[in-house]
Amino acid sequence: MTTKIALVTGAGHGIGRACTLALDDAGFELALVGRREAPLTAVAAELDGEPLVVPTDVADAASVAALFETIEQHFGRLDLLFNNAGLNLPATEFGDVDVADWQALVNVNLTGAFLCAQAAYRLMKRQHPAGGRIINNGSISAHVPRPGSAPYTATKHAITGLTKSIALDGRPHGINCGQIDIGNAASEMTEAMSAGVPQADGRMAAESVMSVDNVAQAIRFMANLPSDANVPFMTVMASGMPYIGRG
């Protein structure tokens, strides 16, 4: 087996797009997943290979099941899942969080990650040769919250537990699971940071942002590890962001 198969969720923009390009450059065959077909098709046009484009709602169990059936029929196996799809909400003080907003975010960020990881796990367990790698997109919010971010922070803390459980259960089957925790990578979600975002002391302050290519190279490194090695957790962040110490 010379060519490995990778699936990237949220592949149509930002971190997903950058990591898709990096994996294509590393020689992976790719399946691109997102809610909307047009951004996926645009990314596919940038690749050297001929990726599989599958618009999918990761929060919907039937949609995810159809996705993995398509992958198995098309490629016959899966070697890497980058579980990247996610949503965020505008900063909202905890007492004002709407239950419907909470549920919508949990459905994508946590249930969606679970559904994709479980389907990948099952395929990796039964394929021949068995095994593979799952990388979950955590966040700096998997460690510490921003003001007004309870729903997002809760889901990202939960991703850490999911990552550890998959890594443990996957050991007998050659399935590695790791997590990348990303801080202030330049994307649609971080556009406001150069103008100023809320800080823990109540101030509004601009924050440092790094190129999303740094995330892409980290994913490429994790993806290319041999099966007997794993990065359980990696943090990649803009050097000047307020995370370590007092910022």
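Here are the numbers for this structure:
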| read-out | value |
| --- | --- |
| Among residues of segment 139-192, those that are touching a His at 6+ places or on another chain (Cβ under 8 Å) and closer than 28 Å to LYS125 by Cα, counted | 2 |
| Checklist (1) surrounded by fewer than 18 Cβ atoms within 10 Å (Cβ to Cβ); (2) within 19 Å of LEU21 (Cα to Cα); (3) in contact with a helix residue (DSSP H, G or I) (Cβ under 9 Å, 6 or more places away or on another chain) applied to PHE221, failing item | (3) |
| Failed condition for GLN118, given (1) more than 22 Å from THR235 (Cα to Cα); (2) touching a residue at least 40 places away in the same chain (Cβ under 8 Å); (3) not aliphatic (A, V, I, L, M) | (2) |
| Among residues of segment 172-207, those that are at positive phi and exposed (fewer than 14 other Cβ atoms within 10 Å of the Cβ), counted | 2 |
| Neighbours by Cβ (under 7 Å, 6+ apart or cross-chain): first from segment 94-105, aromatic (Phe, Trp, Tyr); second modelled with pLDDT of 95 or more and surrounded by 11 or more Cβ atoms within 10 Å (Cβ to Cβ) | PHE94/ALA150; TRP102/PRO151 |
| Qualifying residue in segment 47-59 (condition: more than 13 Å from the chain's Cα centre (by Cα), touching a residue at least 12 places away in the same chain (Cβ under 8 Å) and closer than 20 Å to ALA150 by Cα) | yes |
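Per-residue answers, yes or no, for (1) among the small types (Gly, Ala, Ser); (2) at pLDDT 95 or above:
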residue: ASP79; (1), (2): no, yes
residue: ASN83; (1), (2): no, yes
residue: ALA91; (1), (2): yes, no
residue: VAL99; (1), (2): no, yes
residue: LEU115; (1), (2): no, yes
residue: LEU123; (1), (2): no, yes
residue: ALA142; (1), (2): yes, no
residue: ARG146; (1), (2): no, no
residue: PRO151; (1), (2): no, yes
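The values are calculated or read from the model by the stated rules, or taken from the named source; none is laboratory data. Only a predicted model underlies this, so the values are computations on that prediction, with no experimental measurement involved. Methodologically, a virtual Cβ is constructed for each residue, glycine included, from the backbone with ideal geometry; neighbour enumeration extends over all protein chains shown.
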